[in-house]
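Student: Please find one structure pasted underneath; my questions will follow.
Each value in this text was obtained by applying a stated rule to the coordinates, not by laboratory testing. Please read these numbers as outputs of a predicted model, since none were measured by experiment. Cβ placement follows ideal geometry from the backbone for every residue including glycine, while neighbour counts extend to all protein chains displayed.
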Amino acid sequence: MSAPVRIAIYTGSPLMRTLLAGALGSDADCVVLESGLLSDPTAGGNNTSAPASNLRPEVLVCDIEATDTLQQNRAIALRRARNLPSLIFVGGLSSDQEARLTGAGFTTVRRRPDIRSFTTAGGRAPVIDILHALARHGNDTAARTHRPAPVRQPATGETNRSEPTPPSAAPAGASGSPALRKPSAVPPIIVIGASTGGPQAVRRVLEDLPAPLAAPVAIVQHISDGFAEGFVRWLRDTTFRSVEIAQDGTALRADTFVVAPSGLHLVVNYGGIALREGEKEQYQRPSADVLFRTAAAAYGSRVIAILLTGMGRDGADGCRVVQERGGITLVQDEETSVVYGMPRAAAEMGAATEILPLNAIGKRAGVLLERIT
């Protein structure tokens, strides 16, 4: 990781100040330059637990109780005074409070995690990742607030067309459905499949892709039920991309990123997606094979498929279909894979257009994207 991120911590209670400052300050990837109480009138000034130095905090971290309006108001006032990228933990966070704090300028708003998770490096890692992302990207929240509009008529299953047929604004025919036309230029799409070791790998690829990106990205990450939403929030916070959980009928637009929800296949149609239950493929639902195969059917040669670290062989057959339709497959190499199962299967069956280390995949996809846009 890069140099330790410099933070200032202000909390509503002395206990949380001690716990957060002690836990984050003990991590080699983080330096606590200030810590204080929101009730102290010098908060944000000379109230510091660190020796005086010329260094200044890069990120503000706050912690408040959801039931304490005074703490919330003081935290908002401090954030505005310091004007730093900011993370706030709230005990018992509600959607209304999250909206208020986000509107007040807090870059990232999170329900307070179990403080015991901060006692180990692994437990601190997600928070440290967010702090480094905030230090890199500052107060820019635009990428996290864009939400794509729904498509006019989302398809409900897989398509067998090798060429896409997008919705058109032409008048409806006798059946009441919009008339369809073949596009003169089919836009590209990037699809990503990953399993064991995938979250960090997916994050790296997203960070290395060009910004803004001239294509939508659809992602299948094998993950336990109930954890997809947290994975999406973590990706959004650490990459500052417009990452969302896929919803049935979601439009696919350039520079948007959708992640398959737990337990449902992500099916790509031209311009949009559909979610369906269906049988598991390669013991997986969602399955990278389903995503890759349907993307190839809908977008033809305009597909860039990326297969990352993972156990098993999900995605390998999908890579072959992408190649058969003229698309490109980028497969992670053995050295940088946590588990060289899925990538190996694709490589051994000749379904890898290129085999690359993780730190080269996003950049290579960006170069290839320029060639086909």
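Student: Taking square-rooted eigenvalues a ≥ b ≥ c of the alpha carbon gyration tensor, is region 327-373 rounded, prolate or oblate, where a/c under 1.5 means rounded and, failing that, a/b exceeding b/c means prolate?
Tutor: Cα axes put region 327-373 in the oblate bin.
Student: When a footprinting reagent is the concern and you count Cβ atoms within 10 Å, what order do Ser94, Ser86, Ser39 take, fewest first?
Tutor: Fewest to most other Cβ atoms nearby, the residues stand as Ser94, Ser39, Ser86.
Student: So who's got an amide H within less than 5 Å of the one on Gly91, skipping anything under 5 residues away but keeping other chains? H placed 1.01 Å off N, in plane.
Tutor: Ile64, Glu65, Ala66, Arg112
Student: I need Thr67, Thr107, Thr336 ordered by Cβ neighbour count within 10 Å, fewest first.
Tutor: Thr67, Thr336, Thr107
Student: In angstroms, what radius of gyration and Dmax does region 185-372 have, counting Cα atoms only?
Tutor: Computed over the Cα atoms of region 185-372, radius of gyration and Dmax are 14.2, 39 Å.
Student: Sorting Cys62, Cys30, Cys319 on the 10 Å Cβ count, fewest up front, what's the list?
Tutor: By the 10 Å Cβ count, ascending: Cys30, Cys62, Cys319.
Student: Apply 1/(1 + (r/R0)^6) to the Cβ-Cβ distance of Glu348 and Arg116, taking R0 = 56 Å, and write down the FRET efficiency to the nearest 0.05.
Tutor: Efficiency, rounded to the nearest 0.05: 0.80.
Student: Using the Karplus curve 6.51 cos²θ - 1.76 cosθ + 1.60 with θ = phi - 60°, work out ³J(HN,Hα) for each residue of region 73-86 in order, rounded to whole Hz, and write x for Gly and Pro.
Tutor: 5, 5, 5, 4, 5, 5, 4, 5, 5, 7, 6, 10, x, 9
Student: Run through the DSSP bridge list for region 185-372 and note the antiparallel percent, rounded to the nearest 5.
Tutor: Counting DSSP beta bridges with both partners in region 185-372, the antiparallel share is about 25 percent.
Student: Can you tell me how region 5-140 classifies by the Cα gyration tensor, rounded, prolate or oblate, using a/c under 1.5 as the rounded cut?
Tutor: rounded
Student: Please list the non-local residues whose amide H lies under 5 Å from the amide H of Ala211, H modeled 1.01 Å from N, same-chain partners needing a gap of 5 or more.
Tutor: none
Student: Going highest first, how would you order 289-298, 114-123 by mean Cβ packing within 10 Å?
Tutor: 289-298, 114-123
Student: List the residues whose amide H sits under 5 Å from the amide H of Ile192, counting only those 5 or more places along or on another chain, with H placed 1.01 Å from N in the peptide plane.
Tutor: Under 5 Å from the amide H of Ile192 lie the amide H atoms of Ala218, Ile219, Val220, Ile306, each far enough along the sequence or on another chain.
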